[in-house]
Structures are given as C-alpha cells and as structure tokens.
Amino acid sequence: MQMLRTVTMNTGYDDYYTVSGLDWGGRGTQHRFESVCSGKGISCARTATALGIPLIAYGLIGRDDHDTFSARLTAEHIPHHLFKVPGTARHNLTLVDATGERVAAHFMAAGYDFDSAGVVDPMVDAVLADTAADDIVTLNGSTCTGLPTSTWADLASGLIAQGVRVVVDAQGAALIEALKVPGVLAFKPNDDEIMAIPEVAASEDPVGTALGMFRAAGATLPLVSLGGEGVAFLDEAGRRVHGSCHVEAPSSR
C-alpha cells in the first residue's frame with residue numbers, strides 16, 4: 001500500500017496563549033492556553049490524518065520528551081516513529097489576540113544542536129529501509145545545528161535512487177543544497193524562505209524566479225506557498241498559476 005512518510009528533525013511544541021489587553025510592558029489577560037506537537041512534518045501528518053491518507057510521521061525528539069510527545073501524537077491518531085536524541089524539544093510561543101482571534105506575535109525557539117552528525121543516522125536509515133518505491137516522502141523544515149547543510153539533500157538523493165517521490169520543504173542553505181538533487185517531485189518553500197536563494201533575493205519577481213529555478217532543477221511540481229494568499233505554481237506547460245481557497249473563519253494555528 002502506498003504510504004506518505006513525513007520526516008521532521010526540529011520537532012517541538014507550539015504553545016498558544018490567547019490574550020487581551022496586549023501591551024508591551026503592561027498587563028493583560030490570558031484567556032486560553034493550548035500546546036500542540038509541532039514541526040512541519042508533524043503538521044503535514046496531522047492534515048493527512050484528517051484526510052484519511054495512510055502515513056507514518058518520522059521525527060527526532062529529546063529523550064525526556066519522548067513519552068509525552070508520542071502519547072500526544074497517539075491521541076491525535078497520527079502514526080509515528082520517533083527517535084530519541086540529546087536535548088529537549090523546543091517550545092515556540094504564539095500570542096493570539098482574543099479580540100480578533102488572530103495571531104499577534106509568533107516566536108520561534110532554537111532547535112536541536114548536535115555535536116555529531118551521526119545522531120540522525122538511525123532515523124535516516126529507518127526512512128530508507130522502510131520506504132517503498134511508490135511512497136511519497138516529505139522532508140520538512142529546518143535541519144539541526146551541527147549537521148551538514150547537505151543532510152536533506154543526501155537523504156533525498158538516497159530516496160530518489162530507490163524510485164521514491166520526494167517533496168522538499170527545506171529552508172536556508174539546506175534548500176539551496178537540495179536544488180542540486182535531480183528528480184525531486186516538488187520544492188515547497190514559502191515566500192520568505194525563497195529569499196535565502198541569492199538569485200531570488202536579487203530578482204524583481206522573487207516568486208517567479210524561484211518557480212523557474214525549481215523547474216530548472218527538475219521539479220515536476222514547482223510551487224511557493226504564499227500563506228493566507230494561497231500558493232503559486234507552474235503547470236505542466238510552464239504557466240504560472242495562483243491557487244487559493246477562501247476560509248470564512250481561519251484557525252489561529
């Protein structure tokens with residue numbers, strides 16, 4: 001059976017505080033608090049679970065966080081395979097404005113920091129061993145400090161050699177390295193993340209330039225996420241298309 005396999009290195013928690021009277025240096029009111037398992041691959045797996053797509057979410061997790069993180073994923077019915085690593089899972093902070101139920105501020109915590117690149121080998125080996133030729137594997141988010149910038153690119157190359165369809169949702173230098181890998185199905189950065197590519201940052205049309213570079217790199221589906229504005233992609237004829245889906249009451253996360 002075809003599987004979706006999401007891979008995340010910097011897992012953690014997104015902590016949402018819904019507040020009112022937001023005033024830096026002042027005093028306000030906290031109305032609600034919610035903490036959810038996070039990481040781009042975890043979010044992808046959460047959506048796929050809701051859609052009934054068979055999947056496994058692979059992820060690194062701090063040793064002391066393993067049991068709690070796994071229990072939370074199980075409670076969400078997200079099949080997963082976690083790998084214990086040194087350190088603790090990060091907690092990202094989001095403040096949600098209670099008056100409009102919209103994000104007022106979001107703060108990203110530092111991810112894992114490793115002394116040895118070999119720490120991720122058990123997860124990489126498991127993904128390569130588990131994946132069948134018809135599967136889709138998504139490589140999601142940032143890589144950990146202390147790892148080579150080619151970490152995602154190397155895994156993508158290994159998977160593609162096995163006939164696997166690979167989606168790269170990387171950032172920074174890891175995205176640039178992944179562009180060198182032939183045969184990637186799709187690159188999926190957002191409109192901020194593409195600015196890490198020098199040619200894109202220097203362009204008067206960053207999104208268009210990024211899409212062209214993704215197609216030139218061999219991506220079957222070049223696309224750039226535009227947040228609330230939808231997504232830009234190139235169709236099979238190379239035409240730039242803008243897709244969006246109106247949402248009446250978007251969630252705060």
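The values are calculated or read from the model by the stated rules, or taken from the named source; none is laboratory data. What you are looking at is a predicted structure, and each value in this text was computed from that prediction instead of being measured. No Cβ is skipped: glycine too gets one built from the backbone with ideal geometry, and neighbour counts run over all protein chains shown. For accessibility, only protein heavy atoms count, side chains too; no ligands or nucleic acids. Shrake-Rupley method; radii C 1.70, N 1.55, O 1.52, S 1.80 Å.
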Task: Counted charge near ALA132, where neighbours are those whose Cβ lies closer than 15 Å (Asp, Glu -1; Lys, Arg +1) - done: -1
TODO: Would you list the P(r) distribution for the range 1-150, with all Cα-Cα distances sorted into 10 Å bins from 0 and each bin expressed as a whole %?
DONE: 11, 36, 31, 16, 5, 1
TODO: Check the straight Cα-Cα distances from LYS188 and name the lysines below 16 Å, setting aside those fewer than 8 residues away within the same chain.
DONE: LYS40, LYS180
- [ ] Express the Stokes-Einstein translational diffusion coefficient of the range 71-130 in µm² s⁻¹, to the nearest whole number, given a Kirkwood radius over alpha-carbon pairs, 25 °C and a viscosity of 0.890 mPa s.
- [x] 165 µm²/s
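Summing Lys, Arg as +1 and Asp, Glu as -1, what charge do residues with Cβ under 12 Å from the Cβ of GLY163 carry, GLY163 excluded?
Residues near GLY163 contribute -1 overall.
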- [ ] Roll a 1.4 angstrom probe over the protein heavy atoms and tell me the percent of accessible area of the chain that is carbon or sulfur.
- [x] 53 percent
Task: Ratio Rg/Rh, restricted to the chain and using Cα atoms, in which Rh is the Kirkwood radius - done: 0.97
Open item on the list: Could you give the length gained by full extension between ASP113 and ASP125, i.e. 0.36 nm per residue of separation minus their alpha carbon distance, to one decimal place?
Closed with: 2.3 nm
Task: For the range 72-116 and the range 118-141, distance of Cα centres in Å - done: 21 Å
- [ ] Over all alpha-carbon pairs in the range 165-238, figure out the percentage whose distance exceeds 20 Å.
- [x] 18 percent
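Normalised radius of gyration for the range 75-200, please: alpha carbon Rg relative to 2.2 N^0.38 Å, two decimal places.
Here the Cα radius of gyration is 1.20 times the empirical estimate.
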Open item on the list: If you take every residue apart from PRO122 with its C-beta less than 14 Å away from the C-beta of PRO122, what net charge results, scoring Lys and Arg +1 and Asp and Glu -1?
Closed with: -1
